[in-house]
Amino acid sequence: MDSEHFGTRAIHGGQHPDPSTGAVMPPIYQTSTYAQAAPGVHQGYEYSRTQNPTRHALERALASIEGGTHGLAFGSGLAAVDACMKLLSPGDEIISTNDLYGGTYRQFVKVYEKYGLKFHFTGMDSVEKVASLVTPQTKMIWVETPTNPMLNVVDIAAVAEVAKKAGALLVVDNTFATPYLQQPLALGADIALHSATKYLGGHSDVVLGALVVKEEALAEKLYFLQNATGAVCGPMDSFLVLRGIKTLHVRMDRHQENALELAAYLRQHPAVSRVVFPGFEDHPGHAVAKKQMRGFGGMISFAVKSDSFEDASKVVSAMKVFTLAESLGGVESLAGHPASMTHASIPKAQREESGVTDGLIRLSVGIEDVRDLKADLDTALSVLL
Ligand SMILES: *Cc1c(COP(=O)(O)O)cnc(C)c1O
């Protein structure tokens, strides 16, 4: 089935009817343990931290849609990040994109620096910047693209060359793009990472993380860590993400279509000073996005004219169809204020350097009727006119 096109893999990839009943959807195997006929004689399942059939079904689906050989599911996106960090040892260095998801940044700096890992944060608009930070201790390069919330685009294939030369693993956080729009493993990454909480789950009803790899030895190391440190997801959550994946391509098409229209609308609005959207031809990452992505995604960031917290706050509070909330990637439209919400843990000076100013609003454009979304933005922005 894995040779099929994306839409077919999203629904069937790695899946087969349940062998015991023929159930088309894998049952939610809500069990911690499995009967053994004699000591060590079992059907491949001993204990649910190590193996669970519902989680396995999800992991096979993840591998299929990312074009990898092995998938691993975790209790959250940050638990998946954590598993990657545990591949490293004290003294190792990591080069990372600078406008990183706030929680990833916090884990790097507040948790792993004290275990002796050294992080270098840089803009990755030029691959030379990345290459200049490589030392003999560089063991991992961490890319998020498009980035959150500035939607900067990193050339994955170019960074993969640097990683290969350095003998470092390349991890790509593919949460914003999703495997439908971007396939990091095919572009040279070693690990594709997801907060499946977002587009893969797609319905804002589950927190889950995932890794997909294409190499057996790396998969084995990660399976060891998954079991040894235990941050697995439960069967119910695995089921929800599996179900979400089945409509990923259909949802993404609508997310994108709506985002394209709203970005154009915001750009001509007199109360808006800048709109960040990789679909614009003058977006600095447009050419790379066009080369490595199937579309430009459903995320838009924009700043109100004054760039003040007060005005941004007025606008997001006046929205009715967009809900003011953290997170993204669900069927419903959400608005966020990065400086006070998702990115509050990043120091102000550093935040503003990467463009996350107090007046910046991030939209996760949902799949509602775009006419209602536009009318909602229109009403909300009119409070500034
Ligand atoms: C949300 C998010 C994460 C963290 O995932 P959780 O599921 O919230 O732990 C990591 N990276 C990106 C880009 C995210 O948006």
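Within the range 329-359, track down each residue that is part of a loop (DSSP other than H, G, I, E, B), of a type in the set (A, V, I, L, M) and under 20 Å from A380 (Cα atoms). Write out each step before concluding.
Step one: of the range 329-359, the residues part of a loop (DSSP other than H, G, I, E, B) are 329-333, 337-347, 354-359.
Still in the running and of a type in the set (A, V, I, L, M): 331, 339, 341, 344, 346, 356.
A339, M341, listed by residue number.
Could you please find all residues in the range 226-242 being polar (S, T, N, Q) and surrounded by fewer than 23 Cβ atoms within 10 Å (Cβ to Cβ)?
First, pick out the residues of the range 226-242 that are polar (S, T, N, Q): 226-227, 229, 238.
N227, T229 - these are the residues of the range 226-242 that are polar (S, T, N, Q) and surrounded by fewer than 23 Cβ atoms within 10 Å (Cβ to Cβ).
For residues in the range 175-190 being outside any loop (DSSP other than H, G, I, E, B) and in contact with a Leu (Cβ under 7 Å, 6 or more places away or on another chain), which is nearest to the ligand (Cβ to nearest atom)? Outline the logic, then answer.
Applying the first criterion (outside any loop (DSSP other than H, G, I, E, B)) to the range 175-190 yields 178-181.
After this cut, where a residue has to be in contact with a Leu (Cβ under 7 Å, 6 or more places away or on another chain) as well, the list is 178, 180.
Values: T178: 11, Y180: 16 Å.
Out of the qualifying residues, it is T178.
Tell me, please, whether a residue that is of a type in the set (A, V, I, L, M, F, W, C), part of a loop (DSSP other than H, G, I, E, B) and buried (at least 23 other Cβ atoms within 10 Å of the Cβ) can be found in the range 22-34.
Step one: list which residues in the range 22-34 are of a type in the set (A, V, I, L, M, F, W, C), which gives 23-25, 28.
Filter again for part of a loop (DSSP other than H, G, I, E, B), leaving 23-25, 28.
Checking which are buried (at least 23 other Cβ atoms within 10 Å of the Cβ) leaves us with none.
Within the range 22-34 (the criterion being of a type in the set (A, V, I, L, M, F, W, C), part of a loop (DSSP other than H, G, I, E, B) and buried (at least 23 other Cβ atoms within 10 Å of the Cβ)), the answer is no, since none of the residues qualifies.
Every residue, every condition in (1) within 16 Å of the ligand (Cβ to nearest atom); (2) surrounded by fewer than 23 Cβ atoms within 10 Å (Cβ to Cβ); (3) not in a strand (DSSP E or B), yes or no:
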residue: L100; (1), (2), (3): yes, no, yes
residue: F119; (1), (2), (3): yes, yes, no
residue: E128; (1), (2), (3): no, yes, yes
residue: P146; (1), (2), (3): yes, no, yes
residue: V171; (1), (2), (3): yes, no, no
residue: A192; (1), (2), (3): yes, no, no
residue: S204; (1), (2), (3): yes, yes, yes
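Looking at V154, V206, which one is under 18 Å from the mean Cα position of the chain (by Cα) and free of Cβ contacts under 8 Å to residues at least 40 places away in the same chain? Break it down into steps so the answer makes sense when it comes.
Working: V154 fails: free of Cβ contacts under 8 Å to residues at least 40 places away in the same chain.
Going through V154, V206 in turn, just one is under 18 Å from the mean Cα position of the chain (by Cα) and free of Cβ contacts under 8 Å to residues at least 40 places away in the same chain: V206.
Spot the failing condition for I300; the list is (1) in contact (Cβ under 8 Å) with a residue 60 or more places away in the chain; (2) among the hydrophobic types (A, V, I, L, M, F, W, C); (3) within 27 Å of L208 (Cα to Cα); (4) surrounded by fewer than 24 Cβ atoms within 10 Å (Cβ to Cβ), and only one is missed.
(4)
I'd like the full set of residues that are touching a strand residue (DSSP E or B) at 6+ places or on another chain (Cβ under 6 Å) and either crowded, with 17+ Cβ neighbours inside 10 Å or in the same structural domain as G285 (by TED's automatic domain parsing) (or both), limited to the range 131-144.
L133, T138, M140, I141, W142, V143, E144
For M124, all conditions in the list (1) out of contact with any helix residue (DSSP H, G or I) (no Cβ under 9 Å at 6 or more places or on another chain); (2) within 16 Å of the ligand (Cβ to nearest atom); (3) not aromatic (F, W, Y) hold save one; what is the number of the exception?
Of (1) out of contact with any helix residue (DSSP H, G or I) (no Cβ under 9 Å at 6 or more places or on another chain); (2) within 16 Å of the ligand (Cβ to nearest atom); (3) not aromatic (F, W, Y), only one is false for M124: (1).
The values are calculated or read from the model by the stated rules, or taken from the named source; none is laboratory data. Note that the structure is predicted; figures quoted are calculated from it, not measured. Because the Cβ atoms are built from the backbone with ideal geometry, glycine has one as well, and the counts that use them run over all protein chains shown.
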